[in-house]
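Enquirer: Here it is: the structure, laid out below.
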Amino acid sequence: MFKIISITAGESHGKGLMGILEGIPANLPLDAAYINRHLKRRQKGYGRGGRMKIESDTVEIISGVRWGRTLGSPIGLFIRNRDWENWKEGMSDSPGSEGSIPPVSRPRPGHADLPGILKYNQDDIRNILERSSARETAARVALGSVARAFLEFFNIRIGSFVTSIGKRSLDLSTSELSPEELQALSERAETSDLHLPDESREADFRALIDQARDEGYSLGGIFTVFATGLPPGLGSHIQWNRRLDARISYAFMGIQAIKGVEIGGGFMMTRRPGNEVLDEILPEDPPLFRRETNHAGGIEGGMTNGMPVIVRAAMKPIPTQRRPLRSIDILTGETVEAAYERSDVCAVPAASVIGEAALALVLADAFLEKFGGDCIEETRRNFDGYMDSLSRRFRDTF
Ligand SMILES: Cc1cc2nc3c(=O)[nH]c(=O)nc-3n(C[C@H](O)[C@H](O)[C@H](O)COP(=O)(O)O)c2cc1C
């Protein structure tokens, strides 16, 4: 049923992160520089910790690409951890290095630490935190950029912007924005280290993060990710797990610290009557049907309807805080302060880039499910044929 398989491996302070993507057709133009550009975007952002200054991620394409084009075989990617030199002993696979660094024993509220050691029978929280860390998302962004390159081949564009951090929030509704207006917001956000589309609010948002850093606590926020240029009919109404909105929510909830996902108007729609939030269907050049609003966020009945897909995601505050919360030492049973390791104060701008990767992976999967193709030329033929047949079908009706 699903056409793309993606998997990541790697620990935060291990040798590096790996990703494998299977299902991308042959002959898609792809180079490492394109992936690196998106890896760099993930690392930026006001409020990130010292780690991001150490890591400057670059990808090594291990397999699946020859002379700038995909081969149709699994695409293997590797991102080396620059910090590995300092962790060779502490993260060694050799039993001889056991005990070379002290165990982490004070679980952080909100992290995977406590449930992880209980489930995996560990005495050292490091054996959990190394993998639960959002460093893993470097591999996900690398894989997502391959999916994104595939979508761009069909003029499908993905973008994002941050709309709130802590109590600071932009008053911004996406329900009436055209694809061009969405793109413009994303381009504006791209020039901001807060990934904010409104320059006039930057100082205000920045001050909030500065205050959190000074006082030793962390912040979450909300971001929007969208895709434009999608054909109608990706996803399906026929089974719950084929609904595109279900698949998007799954992928977004799979991002560390994401605790809420909305499609289009989401929760807002519960407060307004149907005649205000259901998007009327109006004629346009076939195969398109014009909508003056997009409260549905581009998805009806689990399928794209031709309008931009719009996703909003909520990120909770980062669990590692310089002023730690109370916890229990798992080795001594004492009440202690939770562990602190160099950490982000706010990572909402980075999360929006990770959200783009999550959306790209889901959409590329749904696109290939509909159009198939072992090589990109075949996918193109199938796509063009579908779009032509939709145009022809409605040409005489309107
Ligand atoms: C881009 C990004 C950066 C993050 N940076 C940190 C960090 O520096 N320190 C931390 O404790 N958590 C960080 N997190 C959040 C944790 O990874 C996450 O809260 C943890 O894995 C527990 O998962 P859960 O919050 O989904 O339950 C980050 C998350 C993202 C998406």
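The values are calculated or read from the model by the stated rules, or taken from the named source; none is laboratory data. Being a predicted model, the structure only gives us computed values, none of them experimental. Glycine gets a Cβ as well: all are built from the backbone with ideal geometry, and neighbour counts include every protein chain shown.
Enquirer: Inspect all residues belonging to the range 320-341 and state whether any of them is under 21 Å from Ile209 (Cα atoms) and surrounded by 20 or more Cβ atoms within 10 Å (Cβ to Cβ).
Expert: Checking the range 320-341: at least one residue is under 21 Å from Ile209 (Cα atoms) and surrounded by 20 or more Cβ atoms within 10 Å (Cβ to Cβ).
Enquirer: Then there is this: Go over the candidates Tyr120, Tyr46 one by one and state the one that is aromatic (Phe, Trp, Tyr), modelled with pLDDT under 95 and within 16 Å of the ligand (Cβ to nearest atom).
Expert: Going through Tyr120, Tyr46 in turn, just one is aromatic (Phe, Trp, Tyr), modelled with pLDDT under 95 and within 16 Å of the ligand (Cβ to nearest atom): Tyr46.
Enquirer: Here's a follow-up. Which members of the range 190-218 meet the condition of being under 21 Å from Glu341 (Cβ atoms) and either among the β-branched types (Val, Ile, Thr) or in contact with a Pro (Cβ under 9 Å, 6 or more places away or on another chain) (or both)?
Expert: The answer is Ile209, Ala212, Gly216, Tyr217, Ser218.
Enquirer: Condition (residue is acidic (Asp, Glu), within 16 Å of the ligand (Cβ to nearest atom) and part of a helix (DSSP H, G or I)) applied to the range 130-151: is it met by at least one residue?
Expert: Yes, the range 130-151 has at least one match.
Enquirer: Now a separate question. Confirm whether Leu196 is surrounded by 17 or more Cβ atoms within 10 Å (Cβ to Cβ) and more than 17 Å from Ala347 (Cβ to Cβ).
Expert: The answer is no for Leu196.
Enquirer: Output the residues belonging to the range 67-83 that are of a type in the set (A, V, I, L, M, F, W, C) and more than 18 Å from Gly19 (Cα to Cα).
Expert: Correct list: Trp67 only.
Enquirer: Also, quick follow-up: Could you figure out which of (1) outside any loop (DSSP other than H, G, I, E, B); (2) in contact with a Gly (Cβ under 7 Å, 6 or more places away or on another chain); (3) more than 27 Å from Ile376 (Cβ to Cβ) isn't true of Val225?
Expert: (3)
Enquirer: If you take just the strands (runs of 3 or more DSSP E) that sit entirely in the range 282-398, which of them hold at least 1 residues that are within 16 Å of the ligand (Cβ to nearest atom) and either of a type in the set (A, V, I, L, M) or under 23 Å from the mean Cα position of the chain (by Cα) (or both)?
Expert: 309-315
Enquirer: For Ile62, only one of the following conditions fails: (1) out of contact with any strand residue (DSSP E or B) (no Cβ under 8 Å at 6 or more places or on another chain); (2) modelled with pLDDT of 95 or more. What is its number?
Expert: Against the list (1) out of contact with any strand residue (DSSP E or B) (no Cβ under 8 Å at 6 or more places or on another chain); (2) modelled with pLDDT of 95 or more, Ile62 comes up short only on (1).
Enquirer: Also, I was wondering about something else. Quick check on the range 232-243. Is at least one of its residues away from the ligand (no atom under 16 Å from the Cβ), over 17 Å from the mean Cα position of the chain (by Cα), buried (at least 23 other Cβ atoms within 10 Å of the Cβ) and at pLDDT 95 or above?
Expert: Within the range 232-243 (the criterion being away from the ligand (no atom under 16 Å from the Cβ), over 17 Å from the mean Cα position of the chain (by Cα), buried (at least 23 other Cβ atoms within 10 Å of the Cβ) and at pLDDT 95 or above), the answer is yes, since at least one residue qualifies.
Listed here are the residues, each with its yes/no results for (1) closer than 30 Å to Met387 by Cβ; (2) more than 23 Å from the chain's Cα centre (by Cα); (3) not hydroxyl-bearing (Ser, Thr, Tyr).
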site	(1), (2), (3)
His111	no, no, yes
Arg126	no, yes, yes
Ser132	no, no, no
Arg135	no, no, yes
Ala142	no, no, yes
Ala149	yes, no, yes
Thr163	no, no, no
Ser169	no, no, no
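Enquirer: Now for a different question. Could you tell me whether Ile35 is within 16 Å of the ligand (Cβ to nearest atom), at pLDDT 95 or above and closer than 14 Å to Val141 by Cβ?
Expert: no
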